[in-house]
Amino acid sequence: MTGPDLPTDEDGLVRLQKLLASSGVASRRRCEELMLEGAVEVDGEVVTRLGTKVDPRTAVIRVEGRRLPPVSPHVYLVLNKPRGVVSTMSDPEGRRCLADLVADRPERLFHVGRLDTDTSGLLVLTNDGDFANRLAHPSFEVDKTYVAEVEGEVYPRTVKELLAGVTLEDGPVSVSKCKVISGGHRRNKPGRSIVELVIHEGRNRIVRRLLDHVGHPVTQLTRTAIGPVQLGSLRLGEIRDLTREELGTLLDTAQL
C-alpha cells in the first residue's frame, strides 16, 4: 500500500482534508465536516482548523479513532499460502517457496512470521523490514487464529484444559480462545473434530504440538487470521493488499 500520490508544497506538506479525501476516507466535503466535528487527530491532538497542513509520510493521523496509514513506498500484502509451500523466499532444496507465489512482484518482500510447510493460510508479506520484525516479535502478542482438523472427538474438558494453559517441553502456551466447530464419531470410522483456537505464540509447529499434547493430533491446519486481518474468501495462492483499516490497526499494534 503506497497511499495516494499527492502533490505537496516545498516543505513536503499537504492540506489535511485533501490527504484524507485522497486516502479514501470520504469526500473532501465530508472530510472537512469530520475535522470540524473534532473527529480527526494528528499526532495525538484534535485538529479542527481547515487548511492545516501535515507531512503525509510521518504524521500519525486518526479519523474517529481509527489510524490512517501514512503515505509510504512500502507494500503490505496478504497471502493465502497453500499447503506444501515452504515459508521462505528461497529454498536450497528446490522446494516450492513463497518467492514462487510472488514472482511477478518487483519488491523485495519479507514474510511476517511463518507457517510450517504442511500448514496453509494467512501470511503477511511486506517490503517494510521494520514492520515485519516488530509485528513478528512475541512482545506485541498479536492474535493468530487457526482452524484445525484433529483426530478424535474434542470434549468440553479438553477445551477447558487448553484455555487453562498447557506447558510443552519448551515452555507454557496460552490459548486465549478455543471452540469446537464440529466433531463426533461416525459409525465404523475414527472420529474427527474441527477446532478453532486463538494464540499469540509463534513458536515452531506450536499449534500441532499443542493439540497433540492434549491427545488430538492435527490432520489439517489453516491460519485464518492475524489480528484484524482475515483470510476471508482469498483463494489458495492468491494475494491482496491489506486494507487501510487492517494496516492502521497493525501499525498501532507494532507501535509504529
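Treat every Asp and Glu Cβ in region 1-101 as -1 and every Lys and Arg Cβ as +1, leave all other atoms uncharged, and give the resulting dipole magnitude about the Cα centre to the nearest 20 debye.
Once rounded to the nearest 20, the dipole reads 420 debye.
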For region 1-66: accessible area per residue (Å², 1.4 Å) = 58 Å²
Mind sorting out which of (i) 52, 49, 29; (ii) 87, 40, 34; (iii) 72, 43, 33 is the real Cα extents along the principal axes in Å computed from the coordinates?
-> (iii)
Taking a cut-off of 25 Å between Cα atoms, list the lysines near LYS53, but don't count ones fewer than 8 places away on the same chain.
-> LYS18
Which of the listed residues, SER23, CYS178, VAL63, is farthest toward the dipole's positive end in the chain, when Lys, Arg count +1 and Asp, Glu count -1 at the beta-carbon?
-> CYS178
Taking square-rooted eigenvalues a ≥ b ≥ c of the alpha carbon gyration tensor, is region 80-149 rounded, prolate or oblate, where a/c under 1.5 means rounded and, failing that, a/b exceeding b/c means prolate?
-> oblate
Which order do peptides 99-110, 241-252 fall in by mean Cβ count within 10 Å, highest first?
-> 241-252, 99-110
Non-local residues with an amide H under 5 Å from the amide H of ASN127, with H modelled 1.01 Å from N and Pro and chain starts lacking one, are VAL75, PHE110
Give the accessible surface of region 193-249 per residue, rounded to a whole number of Å², with probe radius 1.4 Å and ligands, DNA and RNA excluded.
-> 45 Å²
Once phi is turned into θ = phi - 60°, what whole-Hz ³J(HN,Hα) does the Karplus curve with 6.51, -1.76 and 1.60 give for every residue of region 68-74, x standing for Gly and Pro?
-> 9, x, x, 5, 8, x, 7
So, by mean Cβ neighbours within 10 angstrom, what's the order for 146-153, 169-176 with the highest one leading?
-> 146-153, 169-176
Got a number for carbon plus sulfur as a percent of the chain's accessible area, 1.4 Å probe?
-> 46 percent
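Diagonalise the Cα gyration tensor of region 1-78 and give the resulting equivalent ellipsoid semi-axes, square root of 5 times each eigenvalue, largest first, whole Å.
Working from the Cα gyration tensor, I get semi-axes of 19, 14, 12 Å.
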For region 118-181, report the accessible area per residue in Å² (1.4 Å probe, heavy atoms, rounded to an integer).
-> 50 Å²
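When you count, for each residue, the other Cβ atoms within 10 Å and take the mean per peptide, how do 80-89, 129-138 rank with the highest first?
Result, highest mean first: 80-89, 129-138.
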The ³J(HN,Hα) series, computed from each phi in region 215-226 with the Karplus coefficients 6.51, -1.76 and 1.60 at θ = phi - 60°, rounded to the nearest Hz and given as x for glycine or proline, is x, 10, x, 7, 9, 7, 9, 9, 8, 9, 7, 10
Among the lysines, select those whose C-alpha is under 25 Å from the C-alpha of LYS81, and discard any that sit fewer than 8 residues away in the same chain.
-> LYS144, LYS177, LYS179
From the Cα centre of region 28-47 to that of region 148-222, the distance in Å is 46 Å
Taking Cα pairs closer than 8 Å and at least 6 residues apart, the relative contact order of region 45-204 in percent is 17 percent
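The values are calculated or read from the model by the stated rules, or taken from the named source; none is laboratory data. In this text the structure is predicted, and so the values were computed from the model without any measurement. Don't worry about glycine lacking a Cβ; one is built from the backbone with ideal geometry, like all the others, and counts go over all protein chains shown. Calculation scope for accessible area: heavy atoms of the full protein, side chains included, ligands and nucleic acids excluded. Shrake-Rupley method; radii C 1.70, N 1.55, O 1.52, S 1.80 Å.
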